[in-house]
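I have placed the structure first, in the form of structure tokens, so that the comments after it can refer back to it.
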Amino acid sequence: MFDAARYSEQISVRAAVAGGIALLGLIATGDFLIGKELSLAPLYLVPVMLITWKTSATMGVAVSMFAYGLWATVTLAEFGTAVVAYVLWEAAIRLATIILFVVLLSNLKASLARVSLLARKDSLTDLANRGSFYELVNQETLRCKRYGGALSIVFFDLDKFKDLNDRSGHDVGDEALRVVAQTLRAQLRSTDLPARLGGDEFAVMLPGLDARGAGQATQMLQSRLLSAMEHRGWPITFSIGLATFTTALDSVDEMVKRADMLMYKMKREGKGGISEQVFA
């Protein structure tokens, strides 16, 4: 079945504008050829909707004016200048209606974009959430399988986080999580992907690094995180599991679980360190 919504998202802005203008020309031509018996005025809305959705309300308004200018021109060509006042009045009414529709459509698009973003972000830290992390890691594993390259998953939580919450309150605990997120964004490369998986558990995808490079990056990250905690007087350390995959697995969940197991191995060994393993 043809999915119009998916198709409209796939085409480029330039193609949408060019196609919309061309469609307006076809509609106006058909409107003129059909003659007085039938008006195609409602169809002028279709290219306006497409261009508005792909661009902006401003562009939508401009195209609306062009569309109903065409309609008025076609109508006057059919009926003559004797009805010019009526045609201009009718065009003005139609234009006002479609501009209102354009504004509403543009607001709907903005609302949907905000909802989509919120669905992919953790509300407290503004990092990727679990679902978004798994989706993007899966995309990277497919790329690694096709072109080669290693992929590392870092999994960590905050040691003594519960003690901080109990002693200083949940507001301070939330602030600690936000500081972790800020540190991750400041320290990591643009190609890395940090995420909050839930509670005080975080994960990071490190693409394109071998075991040595991933280990160095993780050590530097741990050092920056510890400095951020010490600076605020919080007795927080980090137990970290680092799983490097020379060949990405089919299951993202399995990759994350292996990093998680390494993190818990570190906790059993005394907390506050990094447990690393390479999976071939």
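The values are calculated or read from the model by the stated rules, or taken from the named source; none is laboratory data. Treat the numbers as computed from the prediction; the structure is a model and nothing was measured. In this analysis, Cβ positions are derived from the backbone assuming ideal geometry, glycine residues included, and neighbour counts consider all displayed protein chains.
Restricting to region 189-208, what's the tally of residues that are touching a strand residue (DSSP E or B) at 6+ places or on another chain (Cβ under 7 Å) and either within 14 Å of T244 (Cβ to Cβ) or buried (at least 19 other Cβ atoms within 10 Å of the Cβ) (or both)? Let's see the steps before the verdict.
Within region 189-208, the first condition is being touching a strand residue (DSSP E or B) at 6+ places or on another chain (Cβ under 7 Å), and the residues that meet it are 191-197, 200-207.
Imposing the further condition that a residue be either within 14 Å of T244 (Cβ to Cβ) or buried (at least 19 other Cβ atoms within 10 Å of the Cβ) (or both) reduces the set to 192-197, 200, 202-207.
Total satisfying the criteria: 13.
Can you pull out the residues in region 240-273 that are of a type in the set (A, V, I, L, M) and in contact (Cβ under 8 Å) with a residue 40 or more places away in the chain?
Selection gives I240, L242, A243, A248, L249, V252, M255, V256, A259, L262, M263.
Does at least one position in region 260-270 carry a residue that is small (G, A, S), out of contact with any Leu (no Cβ under 9 Å at 6 or more places or on another chain) and modelled with pLDDT under 95?
Scanning region 260-270, I find at least one residue that is small (G, A, S), out of contact with any Leu (no Cβ under 9 Å at 6 or more places or on another chain) and modelled with pLDDT under 95, so the answer is yes.
When the residues of region 183-223 are filtered to those that are touching a residue at least 12 places away in the same chain (Cβ under 8 Å) and polar (S, T, N, Q), which remaining residue is farthest from D122 (Cα to Cα)?
Per the criteria, the residue is Q219.
This table checks each residue for (1) in contact with a strand residue (DSSP E or B) (Cβ under 6 Å, 6 or more places away or on another chain); (2) not hydrophobic (A, V, I, L, M, F, W, C).
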| residue | (1), (2) |
| --- | --- |
| G80 | no, yes |
| L95 | no, no |
| I98 | no, no |
| L108 | no, no |
| L127 | yes, no |
| G148 | no, yes |
| L158 | no, no |
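Could you tell me which numbered condition M65 fails, if it satisfies all but one of (1) surrounded by 16 or more Cβ atoms within 10 Å (Cβ to Cβ); (2) not assigned by TED's automatic domain parsing to the domain that holds E254?
Among (1) surrounded by 16 or more Cβ atoms within 10 Å (Cβ to Cβ); (2) not assigned by TED's automatic domain parsing to the domain that holds E254, M65 violates only (1).
For region 234-274, which residues satisfy the criterion of being part of a strand (DSSP E or B), under 28 Å from V172 (Cα atoms) and not β-branched (V, I, T)?
Within region 234-274, the subset part of a strand (DSSP E or B) is 237-245, 274.
Filter once more, so that each one left must be under 28 Å from V172 (Cα atoms): 237-242, 274.
F238, S239, G241, L242 - these are the residues of region 234-274 that are part of a strand (DSSP E or B), under 28 Å from V172 (Cα atoms) and not β-branched (V, I, T).
Quick check on R120: is it touching a Phe, Trp or Tyr at 6+ places or on another chain (Cβ under 8 Å), surrounded by 12 or more Cβ atoms within 10 Å (Cβ to Cβ) and charged (D, E, K, R)?
Taking the combined requirement at face value, the residue does not satisfy it.
Given (1) buried (at least 16 other Cβ atoms within 10 Å of the Cβ); (2) over 16 Å from T52 (Cβ atoms); (3) out of contact with any Lys or Arg (no Cβ under 7 Å at 6 or more places or on another chain); (4) not hydrophobic (A, V, I, L, M, F, W, C), where does S106 come up short, assuming only one miss?
Among (1) buried (at least 16 other Cβ atoms within 10 Å of the Cβ); (2) over 16 Å from T52 (Cβ atoms); (3) out of contact with any Lys or Arg (no Cβ under 7 Å at 6 or more places or on another chain); (4) not hydrophobic (A, V, I, L, M, F, W, C), the lone unmet condition for S106 is (2).
Please find, among L164, L184, L197, L209, the residue that is assigned to a strand (DSSP E or B), assigned by TED's automatic domain parsing to the domain that holds A243 and in contact with a helix residue (DSSP H, G or I) (Cβ under 8 Å, 6 or more places away or on another chain).
Every option except L197 fails the conditions.
Whether any residue in region 107-124 is over 30 Å from L177 (Cα atoms) and either aliphatic (A, V, I, L, M) or not in a helix (DSSP H, G or I) (or both) is what I want to check.
Of all residues in region 107-124, those over 30 Å from L177 (Cα atoms) come to 107-109.
Filter once more, keeping what is either aliphatic (A, V, I, L, M) or not in a helix (DSSP H, G or I) (or both): 108.
Checked region 107-124: at least one residue is over 30 Å from L177 (Cα atoms) and either aliphatic (A, V, I, L, M) or not in a helix (DSSP H, G or I) (or both).
Run down L158, L177, L142 and say which single residue is assigned to a helix (DSSP H, G or I), surrounded by 15 or more Cβ atoms within 10 Å (Cβ to Cβ) and not polar (S, T, N, Q).
L177
Checking the structure you have, find out if any residue of region 209-223 is of a type in the set (K, R) and buried (at least 22 other Cβ atoms within 10 Å of the Cβ).
No: region 209-223 contains no residue that is of a type in the set (K, R) and buried (at least 22 other Cβ atoms within 10 Å of the Cβ).
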